[in-house]
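A short reminder: the numbers here are calculations on the coordinates, not readings from a lab. In this text, all values refer to a predicted model and were calculated from it rather than measured experimentally. Here Cβ is always computed from backbone atoms with ideal geometry, including for glycine, and neighbour counts include all displayed protein chains.
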Amino acid sequence: MSNKEYTFKPGHSYRSGAKPDADGVNFAIFTRHATSVELFLFETAKSKKPFQIIKLEKDVNRTFYSWHVYVEALPTGTWFTWRIDGSNEPKEAGLHFDKEKHLIDPWARVVSDINWDRQAACKPGDNMLTSMRCMVVDDAAYDWEGDTPLRISSEQSIIYELHVGGFTRHKSSKVKNPGTFAALIEKIPYLKKLGITHVELLPIMAFDEQDAPQGTIDRGLKNYWGYSTHSFYSPHPGYCVTPEQGTHVTEFRDLVKALHKAGLGVILDVVYNHTSEAGVGGPIINFRGIGENIFYHHASDDKSVLHDYTGCGNTVNANHPLVSSFITSSLEYWVREMHIDGFRFDLASALARGEGGQVLEDPPVLWSIELSQQLSQTKLIAEAWDAAGLYQVGSFPGNRWAEWNGKYRDVLRECLRGDKGKIKELATRISGSSDLYQHQDGLPINSVNFITCHDGFTLNDLFSYNEKHNHANGEDSRDGCNNNISSNSGIEGPTDDLAVNGFRKQQAKNAFALLLLSEGVPMLLAGDEILNSQNGNNNGYCQDNEITWIDWEMVNENSDMLRFVQNMIALRKRHNSIMRRRFLTGKVIESRGIKDITWHGAKLNTPLWDDPNGQLLALTLAGIDEPDLHIIINMSHGDTNCELPEIEGKTWCLSVNTSQVSPQDIIDRPHQKPILETSFLVKEKSIVVFENTDI
């Protein structure tokens with residue numbers, strides 16, 4: 001290939017990107033203000049020089065704002081970059097054209113970062129030997145074996161948030177290719193046995209691992225989480241076994257197909273609010289080199305100044321018609337061509353901002369996503385805030401968007417910590433947060449409930465640390481949230497004190513019990529079920545090491561905790577009364593003659609809603625064609641005798657008691673025994689659950 005010159009002709013403007021067919025490859029790229037465009041073709045991702053440079057002619061290879069060329073007989077597997085020239089007027093026009101800078105195609109399906117040097121891309125001039133490169137691939141050539149996106153209803157969904165790399169990089173994972181899509185396939189039996197219905201993958205679109213503060217980089221750390229996307233159509237090369245061969249698409253599809261075969265859906269954490277090109281002085285990778293004035297928000301008086309509502313230097317101008325189309329089309333690609341089941345949008349409120357940063361009542365991009373026919377069966381989950389103070393939990397634009405319920409997280413943490421007077425709000429949160437969603441015709445499934453996520457303490461650390469311990473990140477522990485609503489259970493960090501460790505485990509069980517008994521969509525953080533710790537680091541974004549990796553030895557060490565979570569998930573799945581699509585009413589179910597929900601305190605029908613010291617709440621959920629549930633939550637530091645309701649023809653059986661050790665902490669349905677007393681002593685800081693059966 002290296003000695004061959006390929007003939008070419010004008011080509012066509014649609015579609016953007018590199019599109020191969022039987023006779024060659026059509027290249028097209030949108031760049032409104034360019035004055036000249038060159039296409040560089042390379043034999044490999046590491047080639048030191050191109051085997052051909054094609055200079056596009058404005059009068060021949062340009063249609064409106066698209067530049068295009070068709071290269072005849074060019075095979076798939078060819079690597080390429082663009083060079084684009086135009087005016088360099090950052091202040092006046094917001095343009096950063098650099099005719100020597102090599103750019104990757106924003107529509108590329110495969111990207112390589114093997115040569116990448118971020119610092120070189122931040123400086124003017126030629127970076128051919130240190131730029132990223134794209135590959136021409138035929139992404140239609142794959143045998144899906146009949147696979148299609150799953151259609152698991154939201155009320156029956158249980159989401160498990162995990163990092164593709166960190167899930168299998170620890171030596172204890174014992175997989176063939178640690179940290180890859182292929183390695184995650186090997187762990188599917190574990191996920192299946194756990195009982196979750198969906199994995200939510202931290203960003204897997206190609207991102208810049210070098211995008212981190214200099215002090216962090218100097219420590220040999222990198223951008224680990226992946227919230228630094230540069231290529232929204234390409235899987236991340238770092239998660240591939242053979243990225244040099246351009247197998248990104250195939251390797252990711254293999255993962256999706258394998259998860260679907262196991263009945264598990266795939267939700268992608270996507271980052272459309274900003275890109276890895278950062279702010280002023282950031283690298284020129286793609287968008288900045290083809291039209292920064294279109295793709296990013298900038299100040300009106302000095303367009304070299306980028307508005308930053310994301311904390312990452314730039315904010316995508318998501319409601320510009322071109323950018324809105326780009327975002328929607330890329331999402332449709334992941335559903336149509338990759339069979340993705342849903343998306344979680346990082347800092348989604350940034351997508352609600354228009355020019356000048358104003359908050360739009362009806363943001364075009366959000367409605368475009370919601371109304372897309374191809375996305376009509378796809379789950380949409382918003383992190384309904386941004387880094388500039390916009391907080392839209394309960395008011396995110398659109399109807400079918402679910403939201404990460406930050407208010408649920410905070411109230412549950414407060415109650416678990418032992419804060420008093422939270423009973424009324426706890427009841428609202430565990431019953432679906434009707435105060436947030438019902439007024440605008442929302443449903444409980446609009447609330448994605450979580451207590452922990454990748455951002456913050458793990459569940460183990462939530463009960464082991466009062467303060468964050470982020471010094472290893474290289475930012476003097478200035479990074480990460482300071483308000484963790486945590487409690488160290490009396491000792492900061494690890495301890496040999498058996499009583500403290502036992503209490504921490506009980507608290508973890510309390511957290512899982514509350515989460516899995518709540519109306520709405522529960523989300524678990526990977527590793528919490530085996531008490532994974534990050535040593536008090538609540539911002540592991542740069543720690544691609546044992547601080548954040550899952551230690552699979554913990555599966556055996558904390559097998560009792562794992563068993564508890566597996567059985568709590570099974571309990572949830574057998575009770576439609578806690579997987580409701582619509583809100584509880586407190587009204588009598590005619591077929592049962594009892595209310596769908598009844599609230600209690602220690603005494604029946606007497607919840608102490610306004611007690612400033614209240615820390616106990618009980619509720620009865622009526623089942624239809626399933627056992628009823630009676631739940632008692634005692635977050636006080638005192639044992640309390642609680643009355644049990646009488647339901648005609650039924651008797652209560654103890655199912656869960658978090659104050660007990662395994663296997664008495666959760667009892668399998670066939671081994672449950674009737675409770676003959678009319679009351680039950682609920683131990684301090686514990687939760688008990690009863691299921692009833694016919695007398």
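Can you give the local net charge around Glu553? Use residues other than it whose beta-carbon is closer than 11 angstrom to its beta-carbon, Lys and Arg +1, Asp and Glu -1. Show your work: numbers first, answer last.
Working: positive: Lys171, Lys174; negative: Asp551, Glu557.
Combined, the nearby Lys, Arg, Asp and Glu give 0.
Length gained on full extension, Ile53 to Ser87: 10.0 nm, using 0.36 nm per residue less the C-alpha separation. Calculated from DSSP H runs of 4 or more alone, at -39500 (n - 2.57) each and per residue, what is the 222 nm mean residue ellipticity of the chain, nearest 500? Value at 222 nm, helices only: -5500 deg cm²/dmol.
Full extension of the chain between Asn556 and Lys573 gives 3.6 nm of extra length, using 0.36 nm per residue less the Cα-Cα distance. With a threshold of 28 Å on the Cα-Cα distance, the over-threshold entries among Lys19/Lys49; Lys4/Lys46; Lys46/Lys171 are Lys46/Lys171. Shown for the chain are the DSSP H helices of 18 Å or more along their axis, judged by Cα atoms, with a mean Kyte-Doolittle hydropathy of at least -0.5: 248-261, 321-336, 498-517, 559-573.
Taking a ≥ b ≥ c as the square roots of the eigenvalues of the Cα gyration tensor of the range 1-54, is the shape rounded (a/c under 1.5), prolate (a/b larger than b/c) or oblate? Note, shape of the range 1-54 comes out oblate. Here mean projected area of the Cα convex hull in nm² was computed from the coordinates, and among (i) 30.8; (ii) 35.2; (iii) 44.9 the match is (i). Annotation note: GluC sites (Glu not before Pro) in the range 492-550 located in DSSP loop regions with a Cβ neighbour count of at most 13 within 10 Å are Glu492.
The Arg563 and Arg219 beta-carbon pair, evaluated with R₀ = 30 Å, returns a calculated FRET efficiency of approximately 0.20. PRE reach from Asp23 (point 7 Å along Cα→Cβ): which of the range 39-70 fall under 17 Å by backbone N? So the set is 69-70.
Phi angles of the range 652-665 translate, via the Karplus equation with coefficients 6.51, -1.76, 1.60 and θ = phi - 60°, into HN-Hα couplings of 7, 10, 6, 10, 9, 8, 5, 7, 9, 8, 5, x, 7, 6 Hz per residue; Gly and Pro are given as x.
On the beta carbon distance between His471 and Trp367, with R0 = 45 Å, the FRET formula returns roughly 0.50. Remark: the range 577-694 projects, on average over all directions, an area of 7.9 nm² (convex hull of Cα atoms). With each label modelled as a point 7 angstrom along the Cα→C-beta vector, the Asp126-Lys174 pair spans 5.3 nm. In a fully extended conformation the segment linking Asp147 and Glu546 would gain 140.1 nm over its present Cα-Cα distance, using 0.36 nm per residue. Computed from the C-beta positions of Ser395 and Asn482, the FRET efficiency with R₀ = 30 Å rounds to 0.70.
Around the amide H of Ile666, modelled in the peptide plane, lie the amide H atoms of Asn657, all under 5 Å away and 5 or more residues distant in sequence or on another chain.
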